[in-house]
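Read the structure below first, then the notes.
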Amino acid sequence: MRVALLAASLSFLAISLVQTQLLPDKEPFPSGPKYLIGHRGDAGELVEHTLIGYQRAIDAGASFIECDVVMTKDCQLICRHEPDLVATTDAKTKFPELVRNYTIDSTLSGRGVLSSDLTLAQVKNLSAVQRLPAIRSDAQSGFSGKVPTLQEYLDLVKGNADRVVGIYPETKHPTWHDRLELPCTNGTPFSSLLLQALEANNYTGPYNSPAWLEQPVFIQSFEVGNLKALKNETDIPLVQLLDAPTTVIPGEPTNRTYGNLTTEAGLDELATYASGMGPDKQAYILNVSDAGYYYNSTDLIARAHRRGIQLHPYTFRNEYQFMATNFSADIYNEYDVVYGQLGLDGAFTDFPETQHNYLECRSNINASNPTSNPNATILVSADSPGGPANASETLPSDRPWIIAHGGASGSLPGNTLEAFQRAIAVGANFITCEVVVTRDQQLICQPSPNLANSTDAHTKFANLTRTASLGGQNISGIFASDLTLAQVKTLTVNQTNGTGRDQSYNGQLQVATLREALATARNASRVVGMYIDIVQPAFHNAIALAEEGTLQEDLVLNAINSTGGLPALCSDKWNQNPILVASLSQASLEYIHDKAAVPLVQKLSANDTSVLQEAYVVDRLANISSYAAGISPDKALLVPNNNLNYTSQPTQLTQRAHRLGMMVFPFLFRNENQFLLYTFGADPHRELDYYITSVGVDGAITDYPATMSTTLNCKLQDPEGGLKPILLPNACSASRIAPNSK
């Protein structure tokens, strides 16, 4: 998998771009789809419509680079998303006197600075800025360069790649531009001015002709009339863009809507003048409910293909805000539908590197169909997978382990049997149970002793609300230690991370016990391990000591022992029934180490920076290695944030732990873009790939085991995938993991 990471500082933006001499011996253009269209360049990672963004899209593997063409007051063609420059430049600051109200095509109105009110010299005084600063890096705004002209765009695409890359200009609002009647046009229609510029740069020829393959080009427009006019002027292939189905097509003599173009008669008409269609993906291809769930697809692609019309929908973006909820914030799931099932010809994307990686990995994809009923409950039980694992099967040692945090907790409410089973089904090697203790000393799987946030305890046991000291803070809540297991079993679990996640299972699934989780792992059809995280032992043990109960650690050991014994790491029994016990509490792990051979993992919070300080790191890690087989650091301890939300240089923590024979399992990997540094382009696969390939971790704790499974499968298909055996053999040979003799 390609990992082209952005530099951590703005010095990245100072590279020299424009070397416009045509490079010899270019790799030829492929003679057929699937086409990767860099939407306004690499708009997801760099400021849109900038030369550096176009270059980044080329480097990321784009087949075509898009330029939305608008015109200046002196009839120069430039690349901008709209004639209003306010959202994508600092025009409002530089030319406040030119701010005015406007209406374009009767459907677009606002207040801003229009390109048609500025000369090219004035436009070149502007700086490009981030259009979506709420979810994308604003660090490059003002530093990404000037607004490019159409000619600069053409020169860069022709001259700055070692392969043939196509162009994909859009005639933006051609009817509106023509109505401006700028004197410098001499009456030439806006679209014809674009065509003249293309022909002057040798862009010509019908689709897949030798001339076209040498310099590929599509011309796109939201208007019908100007495409029909262009059809009479050029043999360059044309693409009809589709706005919302109920929107009236600009420039039409009637009030015909875009939806009309997708009828049988509309498609027949479209085929007479256009080679392709560019529909909004969600309005025309993916049926998504009002609640945000994908449930099936339309037949538009198939109907268009029967008429020889290509489909290039827009816009595929990595951020969960632009995806159906049940795609699990992983655009590979969306691509599986449109490429794997529907046979899409190409797609506009803000993140060309992600689409490139996807197509490279799944060139022979047979996508599985996402559930057509997103609200259907998956009914499983602890013994449903079909019996114990094959006795000859062990955990993989040729790739990092997938450790499913609370099961598939990104897709379902975590720490439930359904989430555990889903995780196993998608390839998890371990499922985690975060262990807390009930009033009758039963172990349940929940992220905190306070059940108020993760369950409906606040409605069913509101009378038990109290304040308790938890992790050094006074917390008001409803605590597992105040409920019996029978009472806990009346609760249902909620999706605790609401932003961008499926809420449809809330109120349906029960809290799982540790014993149920252990049974689910043991009864899987392959070897699946149990990763037990002892949560807040000081809180639980203070209660146990006051009431002469059993310590949390002993309850855990008893549960493990009753379901298969306490196997030492790498023993035959462990290989068939893998167990790892983790905690943030060193005292808790040392207590277990003195009593049993079960392998331990020391969790390290993001605040535990002592492990990174040279004066302490060796002694600290050496001390940990005396009782633990591995560490589980917050991923920020391995790859710090540079304070601009990009990666800094990785630390040496992984290598130092490995030298001491310890495995490294960082946490927590989540697909949603708010949990990803900008370096990774809102792509969880790129983040996982980086930690696996560049940092060298032995596994990862993730809310989305299916995503990590896909990442690993992609890397296994890649002869240069960079997978390394995990450190397990070294850990197994270390005598330090044996319990102390007392």
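The values are calculated or read from the model by the stated rules, or taken from the named source; none is laboratory data. What you see is a predicted model, and the numbers here were worked out from it, not measured in a lab. FYI the Cβ positions are ideal-geometry reconstructions off the backbone, even for glycines, and counts take in every protein chain you see. Only protein heavy atoms, including side chains, enter the accessible area calculation; ligands, DNA and RNA are left aside. Shrake-Rupley method; radii C 1.70, N 1.55, O 1.52, S 1.80 Å.
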Filter result (touching a Gly at 6+ places or on another chain (Cβ under 8 Å), under 21 Å from P189 (Cβ atoms) and surrounded by fewer than 18 Cβ atoms within 10 Å (Cβ to Cβ)) within region 232-250
D235
V217 - would you say it is open to solvent by less than 50 Å² (accessible area, probe 1.4 Å), at negative phi and not small (G, A, S)?
yes
Output the number of the condition that E353 fails; it satisfies all remaining conditions of (1) modelled with pLDDT under 90; (2) open to solvent by less than 10 Å² (accessible area, probe 1.4 Å); (3) among the acidic types (D, E).
(1)
Please find, within region 186-220, the residue that is farthest from P169 (Cα to Cα) out of those that are out of contact with any strand residue (DSSP E or B) (no Cβ under 7 Å at 6 or more places or on another chain) and among the small types (G, A, S).
G187
How many residues are touching a His at 6+ places or on another chain (Cβ under 8 Å) and either open to solvent by less than 70 Å² (accessible area, probe 1.4 Å) or at pLDDT 85 or above (or both) if we restrict to region 1-42?
6
Can you name the number of the only condition in (1) crowded, with 21+ Cβ neighbours inside 10 Å; (2) in a loop (DSSP other than H, G, I, E, B); (3) touching a Leu at 6+ places or on another chain (Cβ under 7 Å); (4) of a type outside the set (F, W, Y) that T520 fails?
(2)
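This table checks each residue for (1) surrounded by 21 or more Cβ atoms within 10 Å (Cβ to Cβ); (2) under 25 Å from S191 (Cα atoms); (3) at pLDDT 95 or above; (4) not aromatic (F, W, Y).
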| position | (1), (2), (3), (4) |
| --- | --- |
| V86 | no, yes, yes, yes |
| T89 | yes, yes, yes, yes |
| L120 | no, yes, yes, yes |
| N125 | no, no, yes, yes |
Starting from residues that are within 22 Å of H405 (Cβ to Cβ) and either open to solvent by 40 Å² or more (accessible area, probe 1.4 Å) or not hydrophobic (A, V, I, L, M, F, W, C) (or both), keep the ones in region 653-666 and report whichever is modelled with the lowest pLDDT.
T654
Are there any pairs with C-beta distances below 6 angstrom linking a residue in region 642-663 that is farther than 14 Å from L621 by Cα to a residue that is part of a helix (DSSP H, G or I) and at pLDDT 95 or above, with the two at least 6 apart or on different chains, and if so which?
N645/Y678; Y646/Y678; Y646/T679; T647/T679; P650/V695
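If I go through region 161-214 residue by residue, how many of them are β-branched (V, I, T) and within 34 Å of the chain's Cα centre (by Cα)?
Number satisfying all stated conditions: 4.
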Can you tell me how many residues within region 498-507 are within 22 Å of the chain's Cα centre (by Cα) and loosely packed, with under 15 Cβ neighbours inside 10 Å?
3
Matching residues in region 450-468 (open to solvent by 70 Å² or more (accessible area, probe 1.4 Å) and either assigned to a strand (DSSP E or B) or touching a Cys at 6+ places or on another chain (Cβ under 7 Å) (or both)) number 2
Being crowded, with 20+ Cβ neighbours inside 10 Å, within 26 Å of Y203 (Cβ to Cβ), of a type outside the set (V, I, T) and touching a residue at least 60 places away in the same chain (Cβ under 8 Å): is that true of L154 here?
no
Just to verify a result, which residue in region 290-335, among those that are aromatic (F, W, Y) and part of a helix (DSSP H, G or I), is most open to solvent (accessible area, probe 1.4 Å)?
F322
Reported set for region 561-606 where residues are within 24 Å of S525 (Cβ to Cβ), open to solvent by 40 Å² or more (accessible area, probe 1.4 Å) and of a type in the set (S, T, Y) is S562
Checking the condition part of a loop (DSSP other than H, G, I, E, B), open to solvent by less than 10 Å² (accessible area, probe 1.4 Å), in contact (Cβ under 8 Å) with a residue 40 or more places away in the chain and closer than 29 Å to I135 by Cβ, which residue from P447, P413 passes?
P413
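Among the residues of region 538-552 satisfying the criterion of being under 19 Å from D594 (Cα atoms) and part of a helix (DSSP H, G or I), which is least open to solvent (accessible area, probe 1.4 Å)?
We begin by selecting, within region 538-552, every residue under 19 Å from D594 (Cα atoms); these are 538, 541, 550-552.
Among the residues that remain, those that are also part of a helix (DSSP H, G or I) are: 538, 541, 552.
Working: A538: 79, N541: 23, Q552: 1 Å².
Result: Q552.
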Under 7 Å by Cβ, and 6 or more places apart or on different chains, what pairs join a residue from region 196-208 that is over 19 Å from S275 (Cα atoms) with one that is part of a loop (DSSP other than H, G, I, E, B)?
N202/Q215
Could you say whether any residue in region 59-81 is touching a Lys or Arg at 6+ places or on another chain (Cβ under 7 Å), open to solvent by less than 30 Å² (accessible area, probe 1.4 Å), β-branched (V, I, T) and at pLDDT 95 or above?
yes
Single unsatisfied condition, Q487 versus (1) in a strand (DSSP E or B); (2) open to solvent by 10 Å² or more (accessible area, probe 1.4 Å)
(1)
Taking only region 253-289 into account, find how many residues are of a type in the set (S, T, Y) and either under 31 Å from the mean Cα position of the chain (by Cα) or crowded, with 19+ Cβ neighbours inside 10 Å (or both).
5
Among the residues of region 97-112, which ones are open to solvent by less than 80 Å² (accessible area, probe 1.4 Å) and out of contact with any strand residue (DSSP E or B) (no Cβ under 7 Å at 6 or more places or on another chain)?
L98, I104, D105, L108
Mind telling me which of the residues L194, L198 ends up being at pLDDT 95 or above, out of contact with any Leu (no Cβ under 6 Å at 6 or more places or on another chain) and surrounded by fewer than 21 Cβ atoms within 10 Å (Cβ to Cβ)?
L198
